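Below you'll find the structure, written out as structure tokens, and then a few comments.
The values are calculated or read from the model by the stated rules, or taken from the named source; none is laboratory data. Computed from a predicted model, the values in this text were never measured in an experiment. All Cβ positions, glycine included, derive from the backbone under ideal geometry; neighbour counts span all protein chains shown.
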Amino acid sequence: MNGMHDLGGMHGLGPINPEKNEPVFHEKWEGRAFALFASTFVFAGYTVDEFRHAIEQMPPAHYLESSYYEHWMTAFETVLAKRGIVTREELDARIAKLKKGGN
Amino acid sequence: MATSHLENKESDPALRVRALESILAEKGLIDPKALDALVDTYENKIGPRNGAKVVAKAWVDPEYKKRLMTDATAAIKELGYSGLQGEDMVVVENTANVHNVLVCTLCSCYPWPTLGLPPVWYKAAPYRARIVADPRGVLKEFGTEVPDTVEVRTWDSTAELRYLVLPERPPGTEKMTEAQLADLVTRDSMIGVTKAKSP
């Protein structure tokens, strides 16, 4: 299946811009997102293929604009919602609560 | 989106991660301390120094190199490097006639046990798009001139199979120890966008 993720050979995507002395994680949340990936794997029982498929279902513009770990977060939310482990409503409610300063 | 930034200094993805982590912890599905340990492992313990040791050993030990070229997964495991995203490894050797370079055009597949987590440029659209269409041009941007007489091979990683480049041993290193040689082996030289450093 092709799609936005199938980037090989595409033109016009700009310079490569390697970063000198790049940290493993640029922000703390990226490290948490990475660790969640390794942990959710175990209990949610999904495969890398399913995870990648979830990333590949992202709307093309969002896929290109968002960072790598945002792709991951989108995929987590998809696979966890699909299994009913964490529903969209549950997550939205928690985000709203955290925004107001709750825990 | 703009409103939420005003309401809360935390960026949106940071908030989403925190929300998900707190729900999963509440349900007893994850242990935040285990997450701390994973972050520490990939920030401090697993990285390209592992791959550099594999390469240096292959440079000094012809028998090891033979094993590495025939069953890379097992040979790399001999040095203690195995596991997540390194379950099926293939090593491709740079020679006077061939220069190899790695990519994952579809995503970000990368050999974690030997190289750690990939840099942002490896996962971003411009490299994935261009390295397969114009590898020599991209290599030049990384400061690597590959003469026309040398064949360039681009290897596209998959979800299961991960490659590692065995760079050429630089000239003038005959008297160096394995540990000294490992210091010449950079992450980029094992992706294949550069050569190993000269002493």
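Descriptive notes on the structure:
- Selection within the range B:76-122 - surrounded by 21 or more Cβ atoms within 10 Å (Cβ to Cβ), modelled with pLDDT of 95 or more and among the small types (G, A, S): B:G116
- Across the range B:137-193, the number of residues qualifying as on the phi > 0 side of the Ramachandran plot and in contact with a strand residue (DSSP E or B) (Cβ under 7 Å, 6 or more places away or on another chain) comes to 1.
- Between A:L64, A:L36, the distinction of being under 15 Å from B:L29 (Cα atoms), out of contact with any Gly (no Cβ under 7 Å at 6 or more places or on another chain) and either of a type in the set (S, T, Y) or in a helix (DSSP H, G or I) (or both) belongs to A:L36 only.
- Failed item, numbered, when A:R94 is tested on (1) buried (at least 19 other Cβ atoms within 10 Å of the Cβ); (2) in contact (Cβ under 8 Å) with a residue 12 or more places away in the chain: (2)
- Counting the residues of the range A:16-45 that are of a type in the set (S, T, N, Q), at the interface with chain B (Cβ under 7 Å from one of its Cβ atoms) and surrounded by fewer than 17 Cβ atoms within 10 Å (Cβ to Cβ) gives 1.
- Residues (at the interface with chain B (Cβ under 7 Å from one of its Cβ atoms) and without any contact (Cβ under 8 Å) to a residue 24 or more places away in the chain) located in the range A:1-10: A:D6, A:L7, A:G8, A:G9, A:M10
- Test: residue in the range B:83-90 that is within 30 Å of B:D134 (Cβ to Cβ), touching a Cys at 6+ places or on another chain (Cβ under 8 Å) and of a type outside the set (S, T, Y): yes
- Of residues in the range B:165-199 being small (G, A, S) and within 14 Å of chain A (Cβ to nearest Cβ), the one surrounded by the fewest Cβ atoms within 10 Å (Cβ to Cβ): B:S189
- Summed over the range A:54-65, the residues that are out of contact with any Phe, Trp or Tyr (no Cβ under 9 Å at 6 or more places or on another chain) and either facing chain B (nearest Cβ under 8 Å) or crowded, with 16+ Cβ neighbours inside 10 Å (or both) give a count of 3.
- Any hit, the range B:9-28, residues being closer than 19 Å to B:G86 by Cα, free of Cβ contacts under 8 Å to residues at least 60 places away in the same chain, out of contact with any helix residue (DSSP H, G or I) (no Cβ under 6 Å at 6 or more places or on another chain) and at the interface with chain A (Cβ under 10 Å from one of its Cβ atoms): no
- Every residue from the range A:1-25 that is charged (D, E, K, R) and over 21 Å from the mean Cα position of the chain (by Cα): A:E19, A:K20
- When B:R153, B:R136, B:R162 are screened for being under 22 Å from B:S82 (Cα atoms), more than 8 Å from chain A (Cβ to nearest Cβ) and of a type in the set (K, R), only B:R162 passes.
- Only one of B:A52, B:A34 that is surrounded by fewer than 14 Cβ atoms within 10 Å (Cβ to Cβ) and part of a helix (DSSP H, G or I): B:A34
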